[in-house]
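The values are calculated or read from the model by the stated rules, or taken from the named source; none is laboratory data. As the structure is a prediction and not an experimental result, all values here were calculated from the model. So basically every Cβ, Gly included, is an ideal-geometry build from the backbone, and we count neighbours across all protein chains shown. The area values use the complete protein model at the heavy-atom level, side chains included, leaving out ligands, DNA and RNA. Shrake-Rupley method; radii C 1.70, N 1.55, O 1.52, S 1.80 Å.
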Amino acid sequence: MGRSSTRSHTRINAPPSRISIERVTPSVGGGRYPIKRTLGEPVTVEADIYADGHDALSCWLLYRMPACDWRRVRMEASGNDRWHGTFTVTEIGRYEYTVLAVVDHLGTWQRDLRKRIDAGQELELELQVGASMLAQAAKSGSPEHRDRLSLVAADLVGPAPMEDRLAQALDANLSELVERAEDGRVDPNGSPTYPLVVDPQRARFSSWYELFPRSATSQPGTHGTFRDCEDRLSYIAGMGFDVLYLPPIHPIGHTHRKGKGGAALASLNDPGSPWAIGSEEGGHTAVHSQLGSIQDFRRLTHHARELGIEVALDLAFQCSPDHPWVKEHPEWFRIRPDGSVQYAENPPKKYEDIYPLDFESRKWRELWEACKDVVTYWIEQGVRIFRVDNPHTKPFAFWEWLIAEIKATNPDVIFLSEAFTRPRVMYRLAQVGFTQSYTYFTWRNTRGELTDYLNELNHSEVRDYFRPNLWPNTPDILSEYLQSGGRPAFVTRLTLAATLGANYGIYGPAFELCEVEPRTTGAEEYASSEKYEIRHWDLEQRDSLRDLIAKVNGIRQTNPALQQDWDILFHETDNDQLLCYSKKTADPENVMLMVVGLDPHFAQAGWVQLDLDWLGLDAETPFQVHDLLTDARYLWQGSRNYVELDPHVLPAHIFRVRRRVRSERDFDYYL
């Protein structure tokens, strides 16, 4: 919520301000944390602003980047003492904004003068009052303002006809002239300011593809390389993804290395978990020798960028027992009473191959700086996006410091929080600086669950700081819905993720090849987990979803309504197995309407009840819904329309709403 304050300005011997400013929104923690926007987005700020009595007010929204002059926008009254103003962010980086207000004496006088004119009252004395007011304002202005205001003041009491003098008195430009002359009254010093972080547009709209480099080879039984990843880029770009996320690419420890399926004992040929970082080859700034060299990695990022893809790197601040830091900095780890280093645990699970870092150790400052050096190193290698592993197991203060330090010199860097944890913890991580966040979407399956959750993310105060990134699967999560629903379930979850969220991702090729076998019944882990073994994938598999994924991503790229999260509305249906929702932008010609069948086993049918006003339609005029997945077109009219979906054919419609218009040649067509 916003702060309540009483403003006072710097005029000598000025009385205390009569104005109260309260409930400034958006703000996070009363200005403790920044709100988030992306380049080119508008920022609309509202506040309760009021004073005693009946005087008119002048209210301004001020904003700036650090070390820059304040820019200001006049705020407009919304009603009931609520005011609003909007500015557009034009640079990536950190901004601040504030709200100011003063009693508008001239505006009050002009308002009352109009009332006196309507009432037929004597006006000569009132014009003298106005002239005195303008003469006083002229004293504080520049020579240009002083001369113009003095001239108007003289004219108000001069010999000109009353009609001409009143026209000058009520001139709308007069307020602006006085405003400029009294510019010092709008002084933000001492006023509460509210921070804003502006990220690149990819923070708002992105399509992620997760790939294990060691499994990227086309040769079964061999270890993949960065060169193999390069060969895979055209496949990924062909599906329309613009972020390639690589799990850790660093050397993997040998001590207590995990075997297939996370077995406690590994065979000689087991490659281990990439998250057990560090060996005699190096630590967080080294690359696994079997993947290639740092030059190979740079070549991969360069080639990817040529195809419109940014490479995202996993940031996992933890170490294997063989990491150089274990010997060089034992003070960065927790030592147990028997002298051994505490390994990672989530009882009853034990991860003996991983040592957590102790962010509360007596040498915490040195540890924090070392972690910052790791991020800086990879930025120097061309990485602009980091997916952060388990950030909720490190202090909030650490992330707030680290992200602020990095973005102070690299404001375009994006951090994705992989924190499947409690809601308040997820939200706090977003508040302290994470650009995007994983969500609970993976486990929201019913119409009610999806509607409630997406409304929470997009229509509550969390939307100003929490940017959701929707993933139907990850290397850790093969949901029960995907396991039991087969290929139709994958199509449903793809459509939902890609159209409910402007940011979404899949773990591939497991997703497009519809991998459904769990490790054990009731478990969410994969039977053959790439976390512990190298997989060979048949990308030419006949039932691959690659073409459908390419179609969906193409629809996202050509329809701005799907490139944002906030303008989303859920429509009623008479069948709980049908989810209907729409997205739109300020452009009335880009309205998207999705109907998704949630039952992966049986065909479902029902009536959708559309909010025609929200869609910009009227009940009397037919409109066309064009399914961009199949190119089918349907003519609908009114709010109630029928839908039938078969999951074994296609369990979703992605409609673009097309309005009927009349051409100059006197025939109907649809935009």
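One table, with the values for the structure above:
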{"read-out": "Mean projected area (nm²) of the alpha-carbon convex hull when the range 73-231 is viewed from all directions", "value": "17.6 nm²"}
{"read-out": "Amide H within-cut-off set for Gly278, under 5 Å, with H built and near neighbours excluded", "value": "Ile252, Gly253, Ser320"}
{"read-out": "Cα centre as origin, Lys/Arg/Asp/Glu Cβ charges: the range 465-616 dipole, Debye", "value": "320 debye"}
{"read-out": "Of the chymotrypsin sites (Phe, Trp or Tyr not before Pro) in the range 493-567, those whose Cβ has at most 14 other Cβ within 10 Å and which sit in DSSP loop", "value": "Trp566"}
{"read-out": "Between helix 480-500 and the chain: long-axis angle, C-alpha atoms, 0 to 90°, nearest 10", "value": "30 degrees"}
{"read-out": "Cα convex hull of the range 159-240 - mean projected area over all directions, nm²", "value": "13.6 nm²"}
{"read-out": "Sites Glu360 and Ser528 - FRET efficiency at Förster radius 56 Å, r taken between beta-carbons, to 0.05", "value": "0.90"}
{"read-out": "Crossing angle, helix 143-156 versus the chain [Cα axis fit, 0-90 degrees, rounded to tens]", "value": "40 degrees"}
{"read-out": "On Cα atoms only, tilt of 294-306 relative to the major axis of the chain in degrees", "value": "50 degrees"}
{"read-out": "Separation of alpha-carbon centers, the range 453-513 and the range 152-172, rounded to whole Å", "value": "66 Å"}
{"read-out": "Alpha-carbon spread of the chain, three principal axes, descending order, Å", "value": "104, 71, 42"}
{"read-out": "Probe 1.4 Å, all protein chains present, accessible-area order of Arg428, Arg467, Arg334, largest first", "value": "Arg334, Arg428, Arg467"}
{"read-out": "Alpha-carbon centroid distance for the pair the range 544-615 / the range 278-327, whole angstrom", "value": "39 Å"}
{"read-out": "Amide H contacts of Ser206 (H built 1.01 Å from N, under 5 Å, at least 5 apart or other chain)", "value": "Asn503, Tyr504"}
{"read-out": "Calculated on alpha-carbon atoms, Rg and Dmax of the range 470-545 in Å", "value": "12.0, 33"}
{"read-out": "Mean separation of Cα contacts under 8 Å (6+ apart) over length of the range 187-284, as relative contact order %", "value": "22 percent"}
{"read-out": "In Å², nearest 10: area of Ser140 left accessible to a 1.4 Å probe", "value": "70 Å²"}
{"read-out": "Theoretical gain in end-to-end length, Glu540 to Arg111 [0.36 nm per residue, Cα-Cα removed]", "value": "147.0 nm"}
{"read-out": "5 angstrom amide H check on Asn473, placed H, neighbours 5+ away", "value": "Tyr507"}
{"read-out": "Burial order of peptide ranges 104-117, 267-280 (average beta-carbon count within 10 Å, highest first)", "value": "267-280, 104-117"}
{"read-out": "Flagged links, alpha-carbon separation over 19 Å, of Lys327/Lys394; Lys36/Lys551; Lys363/Lys394", "value": "Lys327/Lys394; Lys36/Lys551"}
{"read-out": "Rel. contact order, % - alpha carbon contacts under 8 angstrom, at least six apart, the chain", "value": "10 percent"}
{"read-out": "Percent RCO, i.e. relative contact order, over the range 369-518, from Cα pairs under 8 Å lying at least 6 residues apart", "value": "18 percent"}
{"read-out": "The range 225-294 shape via C-alpha gyration tensor axes, a/c threshold 1.5", "value": "prolate"}
{"read-out": "Those lysines that a straight Cα-Cα span of less than 17 Å connects to Lys349, excepting residues fewer than 8 apart in one chain", "value": "Lys258, Lys260, Lys531"}
